[in-house]
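These notes concern the structure reproduced below.
The values are calculated or read from the model by the stated rules, or taken from the named source; none is laboratory data. All values reported here derive from a predicted model rather than from experimental measurement. Glycine gets a Cβ as well: all are built from the backbone with ideal geometry, and neighbour counts include every protein chain shown. For accessibility, only protein heavy atoms count, side chains too; no ligands or nucleic acids. Shrake-Rupley method; radii C 1.70, N 1.55, O 1.52, S 1.80 Å.
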Amino acid sequence: MMNFGTFSILLGCLFTFGHCVFPPGSCDNYTNITEPWRNFRFKSSSFPGFPKDDAHLVGKWLRFTGIGGERVRRACTVGAGAGSKYVITMPSNLLSYESPKATLLYAYPYVTACHSVSVRTKIDVVLCPGKFYLYKPYSHRQSNATYATYHYICETDSCGPLAECSGSGGCECVSGYEIPPEHLPTQYSYGCADIDECERSEKVCDPLSDCKNTIGSFLCVCWDGYEAQNPKLPTGLSNKCIDIDECLDTNICGDHGDCANNPGSYMCECHKGFDNEPDPKAVCQDIDECLNATVCGPYAVCTNIPGAFTCACQQGFKPTDADEEPGVTNICIDIDECVENVTICGPRANCTNQIGSHNCTCEPGYRGRNADRIASIANPCTDIDECIETAGICGKLTVCTNVEGTFYCSCPDGLYPSTGILWIVGVSFCQSLQDILDEINPPEGQTKERAFLGHMDTQLKEKDSILPVPTVTNCFSAVMEVSGVGPRIKSSNVSSEGDGETGSFILRLSDTLLSAVVEQGQNQTERTVTTPTVDLSVRTILPGSQNSETSALSANGNTMEINLEDMAKNNNGSAAAAFMILKGIESLLSHQYFETENLTEMNSDVITAVLPFMNNTNLTEPVNFTIYHKKIVPENGLVTCVYWEDKTEEKEEGREEGEKNKMMRWSVEGCRVAYTSENYTVCSCSHLSTFALIMQIGEPPPEDPFLDWLNRICVIVGLFFFGLAIFTFLLCSWNPKINNTARLHLCINLALSHLLLLWNDRYTDHELACTVMAGLLHFLVVASFVWMLLEALQLHLLVRRLSKVQVIQRDGLPRPLLYMIGYGVPFVIVGTSALIYSDGYGATEAEVCWLSRKRSFNWALTGPVIAVIGLNWILFCATLWSLKPTLVNMKSGVSQSKEIRLVVFKILAQFVILGCTWILGLYQTNLFFQVLFIFLNSQQGTFLFIVHCVLNKEVREEYIKFLTCSFNKQREEGSMRQASMSEDLDKAEEKKK
């Protein structure tokens with residue numbers, strides 16, 4: 001900013017001359033220096049005319065302007081520049097104000113060092129209006145030196161087109177452009193030309209890329225198979241190209257090839273059976289190997305599959321090596337289907353092998369389901385029903401039974417074959433059993449019936465063919481009928497002691513008959529036969545069969561559980577079991593063969609179990625039989641599991657040779673009762689052979705007549721004393737203060753219940769009478785216990801009044817309330833019980849009219865009794881507790897002590913008589929407890945009479961008066977009578993007063 005003096009000079013010049021004149025030739029007469037090459041950033045030394053020199057500018061006012069810069073460079077510049085070898089700069093500060101007087105400064109060219117005095121040049125400098133500088137050099141002391149300029153203020157167009165001004169005022173070409181080495185910038189342009197970076201000796205792009213020149217720049221493009229390390233930035237030396245792993249695309253080669261990455265590329269390695277020729281980068285395609293007709297060999301079919309092929313032999317052929325797939329080295333050969341698959345023709349057919357095929361023909365007695373077609377698995381062989389196709393094939397009065405592959409002839413019920421067990425077609429005919437017996441001539445000492453059975457046994461042992469089921473069942477019917485038992489016999493001639501010898505023979509005969517049935521059913525898992533004579537169940541296990549470990553067989557509702565699977569393991573994989581009931585054989589095998597002191601009764605079917613064709617019958621676990629009872633087992637019944645044992649042994653020494661001792665009996669050895677109920681019993685046996693299993697009811701000995709006689713005598717005596725006590729309470733009113741209602745009705749209910757108990761076993765056959773008697777007994781017993789509780793309550797109230805030293809006006813509760821409780825509570829209990837389970841009253845299993853034990857109905861009595869006894873015990877303890885202070889406060893005395901002891905005794909006796917005697921009913925284990933219970937329970941009336949009458953002084957006096965006929969004497973007026981239950985307590989009260 002100019003000072004005041006300078007401003008005054010300028011202002012004077014304007015007013016005087018019209019304008020101000022700076023040093024001559026300066027601000028209005030100067031030379032514009034506009035060469036662009038003067039800019040200090042121009043470093044070229046190869047243009048024509050190098051080096052420049054500013055010697056011709058000495059003595060002239062110079063103004064530097066244009067795109068080269070408007071001021072002389074102030075900083076020391078080292079080296080060539082500004083179009084010459086040396087650069088002249090002015091390091092001193094320039095003027096900052098306008099002045100008409102020039103300022104002398106120094107300019108320095110850089111030769112060996114900055115600011116060298118030896119080469120400095122004087123120069124005048126003026127700051128002209130308009131803020132531009134003028135320079136006037138006085139000399140030029142260094143050749144090949146030029147003034148370097150710069151832009152004080154850099155604008156966007158300061159350096160001209162395609163050039164830019166740096167922050168220090170230097171000009172240079174924009175990126176991508178340069179001044180050609182031999183070019184000298186002109187007045188209006190530096191002459192920046194595009195740089196072909198791709199032609200430079202220095203590589204500007206990554207070796208794995210191609211360089212493409214652009215106007216002012218260049219572009220690096222990665223080769224195919226490569227990409228920039230950072231795809232978001234341009235490719236270059238700092239962002240090199242890296243290989244692209246094409247194999248990261250999981251499906252680039254398809255589903256049947258593996259990708260192998262290579263630098264800049266990849267290759268698909270196809271799986272076996274796939275190809276991608278000729279392009280190794282193509283998706284792998286399947287090769288159809290089956291186009292080669294010989295790839296699988298003869299008699300084979302080729303099937304192309306993705307990546308491979310399969311060979312399969314034609315139908316009727318198989319590979320030479322069955323474990324390998326067919327091919328040219330494992331050719332297909334013919335299959336003998338008849339050997340490979342024995343069931344290929346189905347059941348009942350014969351197979352004949354052919355080349356590549358086979359032929360099926362049905363066995364005799366069978367033909368194809370469709371007779372017009374050859375038999376095959378699709379047209380299986382079916383049985384021919386000869387009985388329908390050939391009517392009358394067995395003859396008249398016969399039964400033709402068709403079975404698989406053949407037929408059997410048998411006789412209708414009641415008739416039997418004339419030739420015995422085996423039927424001969426055209427020879428045998430049916431006749432009655434009596435006609436057969438008439439033709440038999442038995443050996444001496446043998447009946448015709450036994451001879452018939454022996455002949456049948458012989459035929460069974462000699463038979464060489466399988467017996468049909470109808471023949472077997474017919475034989476069973478004949479055996480039972482000949483033996484005099486079974487459903488066909490109207491009245492059995494067998495005695496009640498049975499016939500064990502015949503029964504044992506039938507069991508042995510049954511084994512042989514059952515073997516025929518089981519043998520016929522070997523291909524079947526289970527077979528059942530039910531006729532009026534026999535009920536039979538058969539189960540078989542064959543090798544390879546899938547069966548459960550436990551097999552269950554049933555006959556007439558009874559069941560047998562046996563582990564056939566385990567037995568088959570020890571018998572070549574096969575086992576068979578038969579479970580049978582012969583109806584009526586229990587008459588022969590009588591229950592009297594069971595040795596016991598008890599009475600016995602047959603209460604089930606006699607069952608037979610057989611294990612035919614078994615080489616080993618040892619059991620690894622017991623066999624369980626569930627057998628249903630013929631009638632419900634009573635409470636006193638005894639259930640026993642037994643089996644029929646028939647042992648034949650040589651007789652003792654001294655007896656004839658060959659004579660045999662037969663021992664036949666029902667034995668319990670090895671069998672036990674596993675579980676029993678009213679309707680059935682489960683028996684478990686640890687051994688198994690041909691045996692029969694029954695159940696028996698062993699009844700205990702009848703009741704001891706002494707106990708029955710003792711019970712009746714004691715009850716009668718008890719009832720007598722009950723009557724005396726009742727009449728005493730009704731007729732004797734010795735003290736108006738005493739309420740005898742509770743003890744009176746207690747005696748009445750107990751007497752009636754004891755009376756009914758004498759006859760409650762006489763009406764079990766009369767349902768209605770028995771039900772009424774059971775209900776009435778329930779009511780009376782409950783009422784007795786309720787009145788017992790009321791009597792205890794009366795006693796407790798009396799003691800409480802005594803303890804409070806009160807004058808007793810009337811002890812206990814009023815009569816209406818007593819009647820309501822004493823009979824209302826039993827009525828509610830009995831009525832509710834009858835509504836809930838009315839069938840609970842009636843005849844029980846013990847054959848008495850009482851409460852049933854089913855559905856726990858007996859708790860309709862047990863519950864109230866336990867409750868009353870518990871309350872009685874509580875009242876008894878409460879009474880003694882209330883009596884304790886009274887006894888302590890009473891004056892001591894001999895008579896008074898006796899009275900107190902009598903009161904306590906009566907209280908304890910009351911509780912024992914009314915409550916404790918019933919507990920003995922739970923201990924009826926021996927004669928002592930039975931006699932003790934009968935005596936104590938039946939004598940409740942006697943004990944009550946003694947306690948309440950005999951031990952009462954007033955009552956004794958009344959009895960004496962009655963017995964001495966002085967009953968009508970006038971009683972003494974004003975005398976106070978003592979209470980029957982508490983007379984001693986009244987005396988104690990009066991003494992207190």
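See the values below:
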quantity	calculated
Protein accessible area in the range 365-444, 1.4 Å probe - carbon and sulfur %	54
Distance violations [Cα-Cα > 31 Å] among LYS232/LYS281; LYS396/LYS630; LYS43/LYS101; LYS232/LYS272	LYS396/LYS630; LYS43/LYS101; LYS232/LYS272
Sites matching trypsin sites (Lys or Arg not before Pro) across the range 175-268 that sit in DSSP coil, with at most 10 neighbouring C-beta atoms within 10 Å	LYS232
Two-site label geometry, ARG373 and PHE132: point separation in nm, points 7 Å out along Cα→Cβ	12.2
Percent RCO, i.e. relative contact order, over the range 57-137, from Cα pairs under 8 Å lying at least 6 residues apart	32
Prolate/oblate/rounded label for the range 270-396 (Cα gyration tensor, a/c 1.5)	prolate
Largest to smallest accessible area among PHE962, PHE706 [probe 1.4 Å]	PHE962, PHE706
Average Cα contact separation per residue, the range 348-479, under 8 Å, 6 or more apart, as relative contact order %	15
Overall form of the range 220-283 per C-alpha gyration tensor (a/c, 1.5; a/b vs b/c)	prolate
Taking the range 305-398 and dividing mean pair separation by its residue count, relative contact order in percent (alpha carbons under 8 Å, at least six apart)	18
Highest average packing first - 36-43, 551-558, Cβ atoms within 10 Å	36-43, 551-558
Listed residues LYS272, LYS136 arranged by accessible area, highest first, probe 1.4 Å	LYS272, LYS136
Solvent-accessible area, 1.4 Å probe, carbon plus sulfur percent, for the range 104-253	53
Trypsin sites (Lys or Arg not before Pro) restricted to DSSP loop in the range 385-476 with at most 15 other C-beta within 10 Å	LYS396, LYS463
Low-density loop positions, GluC sites (Glu not before Pro), the range 195-259 - DSSP coil, at most 16 other Cβ in 10 Å	GLU202
